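Computed from the coordinates by the stated procedures, all read-outs in this text should not be read as laboratory data. All values derive from a computational prediction rather than experimental measurement. Neighbour counts are summed over all protein chains in view; Cβ atoms, including those assigned to glycine, are modelled from backbone coordinates with ideal geometry.
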Amino acid sequence: MAKVLVLYYSSYGHVETLANAVADGARSAGADVDIKRVPETAPLDVAKAAHFKLDQVAPVATIDQLANYDAIIVGCPTRFGRLASQMASFLDQAGGLWMRGALNGKVGGAFTSTAAQHGGQEVTLFSIITNLLHFGMTIVGLPYSHQGMMTLDEIVGGSPYGASTIAGSAGQRQPSAIELAGAQHQGMLIAQTAQKLAAK
């Protein structure tokens, strides 16, 4: 059984919701899944003033835990077309794992959220994936076997590089059924890939 970590940062809960969907998909493939978040780096008074969602139930991850998983799926919102500083700060601490090659050959993936339809989803996914490639990980995205992202009936997130959602400029839009299905599909594919690699 593959061990999968869904590692995320979420200011307002949109990425948290996607993380749960990714985890559901990985579990559907028979994986043992943990959901963890990275530490908040904004001061508490700033986070409260910005109405951050501070009651998230996922435990906070530590860097040394990453080596314990066969697959790590990383999600965070975009910040001006790149990964959020909270996630960047966490991954920047993984130099020791990189030096030891502790993540070489593990499976990785990325998911994200933006305020606008053209707010930098694909660039943010690539900024996450770049980190994972430097760690020596094998990347699994969200292929068009998830047909939902081809729809023209509604605005949806999702790309070949990973699952995503569009939150709206005030965070008023929650992940849609199609976006959640995409996150589940990506989680399932990553778990299946990790299990196939572990079996060799």
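Both radii are taken from the alpha-carbon atoms of the chain; with Rh as the Kirkwood radius, Rg/Rh is 0.95. Put in order of Cβ neighbour count within 10 Å, fewest first, the listed residues I128, I63 become I63, I128. Centre-to-centre, using Cα atoms only, the range 85-148 and the range 2-19 are separated by 12 Å.
Note on A47 and D32: the extension gain reaches 2.2 nm, defined as 0.36 nm multiplied by sequence separation minus the Cα-Cα distance. With R₀ set to 30 Å, the beta-carbon distance separating S85 from A177 gives a calculated FRET efficiency near 0.45. The stretch between L197 and M150 holds 14.0 nm of extra length on full extension. This uses 0.36 nm per residue minus the Cα-Cα distance.
Setting aside same-chain residues fewer than 8 positions from K3, which aspartates and glutamates have a Cα under 13 Å from its Cα? Candidates past the 8-residue exclusion: D32, D34, D70. Taking every C-alpha pair closer than 8 Å and separated by at least 6 residues, the mean separation divided by the residue count of the chain gives a relative contact order of 27 percent. Among beta bridges from DSSP that stay inside the chain, the antiparallel ones total about 5%. A cut-off of 5 Å between modelled amide H atoms, ignoring neighbours fewer than 5 places along the same chain, links G136 with no other residue. Cβ-Cβ distance of L54 and S159, R₀ of 35 Å, FRET efficiency by 1/(1 + (r/R0)^6): the value works out to about 0.70. Can you compute the modelled spin-label distance between A67 and N104, with each label point 7 Å from Cα toward Cβ, in nm? Taking the two extended label points, one gets 1.3 nm.
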